[in-house]
Structure formats: structure tokens, C-alpha cells
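I have placed the structure first, in the form of C-alpha cells, so that the comments after it can refer back to it.
The values are calculated or read from the model by the stated rules, or taken from the named source; none is laboratory data. Remember, predicted model here, so these are calculated numbers, not experimental data. Every residue, glycine among them, receives a Cβ derived from its backbone with ideal geometry; neighbour counts consider all protein chains shown.
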Amino acid sequence: MTARTPEEVVAHAAQAPDLPRLDAEVADCFACDRLVAWRERVAAERRAAFRDQEYWGRPIPGYGPADATIGILGLAPAAHGGNRTGRIFTGDRSGDVLFAAMHRVGLANQALSVHRDDGLTLAHTRIFAAVRCAPPDNKPLPAERDACAPWLHRELTLIRPTLRVVIALGAFAWAAWWPALWNVYGARAPVPRPKFGHGAEVFMPAAPVLLGCYHVSQQNTFTGRLTPTMLDEVLGRAKALAGLA
């Protein structure tokens, strides 16, 4: 285990030649003290329902093929979801909603994602988060998002040749996109900067189309703010924009 300053994170991210190396580097990041302490505390204390399981307790790499045409940008792993299983959106209610929808529209081979070795494969899609460690109260700080940004920027750079659409799940992910737009594509955000909204679309020259979608959190899905139909429509729109529909 290697503690790293933010500057060292940038250096390691920039040197990753491919996604497997990047994923390994992500999983070995210790740059943010607050997040490291929280993810390790959760992994040690565990939830009663998962008391007999060994938690991952580390940053979560992206998941999906290297030639993805659709990217799904989330907020951060869940303490007892990705932080437990070691795979993004795996083992929690948000993932249940997301992967069920992806299965319905043909972007995943199965509707459930319960652990790292459950056979889930994604078609044409890679999922990643703005912050790679589980944060307290599911609320990462803007400074933590900024410290984690080099991992996102390198991941986008590696899949840039095929990426056509990015779905931002929630306003936090939407805000994380604009620095990536500049660092990866050399394009500045429009002025005024487009506001997040469900179904919002932003077209930029030589960059993926950005789509807004309410986050698949229980707060949104249990209250009906985000329905299965609404999620299916965004994923279907992404497929169409990526030339897959």
C-alpha cells in the first residue's frame, strides 16, 4: 500500500498505458486522508448483513470494455456496495436499478450485479465514478473530486477513440465533466455553463455528447423522481447517439 500526494496521483495516472494498468493504479490510491479513513473503517466494521464477507475497502476502478462507445459517470462508490464488492454499482440498490435498466436496453447481459465474479458483462459501455472511494454520507467533497480527477481524465483518454456519449448521473458527476472536457479534449465549457437536468443534452465539437440523468439513488428511485421508464429513455437516447440503436 502506497500513500500518494495529489501530485503523485497525477503522475501515476498520466503514465498508465492501458486500462488494466490504470485500474491497478486506481485501486492503490491513498491520496485523500478522509476517504481512506472512511473506506477502511467501513471495511473493518461491516454491516451486520455482510458480517461474514471480506470487504474490498479500496478505491473502485471503472468497469466495462476498452472500446466502449457509451460512458456512465457516477458520483462515488457506496460504502456497502462497491466498497464491499470491489466493483462499481455492485451489491447495492442503486446498482440493482442501473443494471436492470441496462439489461432491458441491451447494454448488460444480466439484470443483477451482486459480486465481482457474478458473470456480469457490459456491452458498448464503461462505468466509472468522479470519486473512486466511498465517502461519508455518500457526499464527497469538491476537493476530493478534484484530487481524484486525474484518474477520470486518464480513463477518458484511454477510451477516447471510441467514446461517443457520456451519461452524467446527477449534478456532481455533471460538474466533474467540465474539467475532463478541457483536460482530455482541449475544449472549454460553453458560456454560460449548461445546467444539469434530467434529459439535458450538450453537444460539443470533437467531444462526446453529454447527457444528464438523475442519479439512480434510492432517494430518487423510491420517491419516483427517477422511474424505470425515465432511465430507459436516457439509455436508449445514449444508444441512438452512439449509433447503436
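General observations
- Candidate set from segment 19-32 (those that are of a type in the set (D, E) and at pLDDT below 95); member that is surrounded by the most Cβ atoms within 10 Å (Cβ to Cβ): E25
- Helices (runs of 4 or more DSSP H) wholly inside segment 1-89 that include at least 2 residues being without any contact (Cβ under 8 Å) to a residue 40 or more places away in the chain: 6-15, 19-26, 33-45
- Qualifying position, being touching a helix residue (DSSP H, G or I) at 6+ places or on another chain (Cβ under 6 Å) and crowded, with 18+ Cβ neighbours inside 10 Å, among A43, A76, A66, A13: A13
- Unmet requirement for G199, which otherwise passes all of (1) under 17 Å from the mean Cα position of the chain (by Cα); (2) over 22 Å from E155 (Cβ atoms); (3) of a type outside the set (S, T, Y): (1)
- Residue identified as modelled with pLDDT under 95, hydrophobic (A, V, I, L, M, F, W, C) and more than 15 Å from the chain's Cα centre (by Cα) among A101, A108, A13: A13
- Within segment 180-201, restricting attention to residues that are part of a helix (DSSP H, G or I) and not polar (S, T, N, Q), the residue that is surrounded by the fewest Cβ atoms within 10 Å (Cβ to Cβ) is W182.
- Enumeration of residues in segment 156-179 that are surrounded by fewer than 24 Cβ atoms within 10 Å (Cβ to Cβ), in contact with a Phe, Trp or Tyr (Cβ under 8 Å, 6 or more places away or on another chain) and part of a helix (DSSP H, G or I): A171, A175
- When G243 is tested against (1) part of a helix (DSSP H, G or I); (2) modelled with pLDDT of 95 or more; (3) exposed (fewer than 15 other Cβ atoms within 10 Å of the Cβ), only condition (1) is not met.
- Which listed residue is over 14 Å from V131 (Cα atoms) and of a type in the set (G, A, S), from G74, G81: G81
- Annotation: of all residues in segment 103-142 being free of Cβ contacts under 8 Å to residues at least 40 places away in the same chain and assigned to a helix (DSSP H, G or I), the one that is nearest to T69 (Cα to Cα) is H103.
- Flag if P150 is of a type outside the set (D, E, K, R), surrounded by 15 or more Cβ atoms within 10 Å (Cβ to Cβ) and not in a loop (DSSP other than H, G, I, E, B): yes
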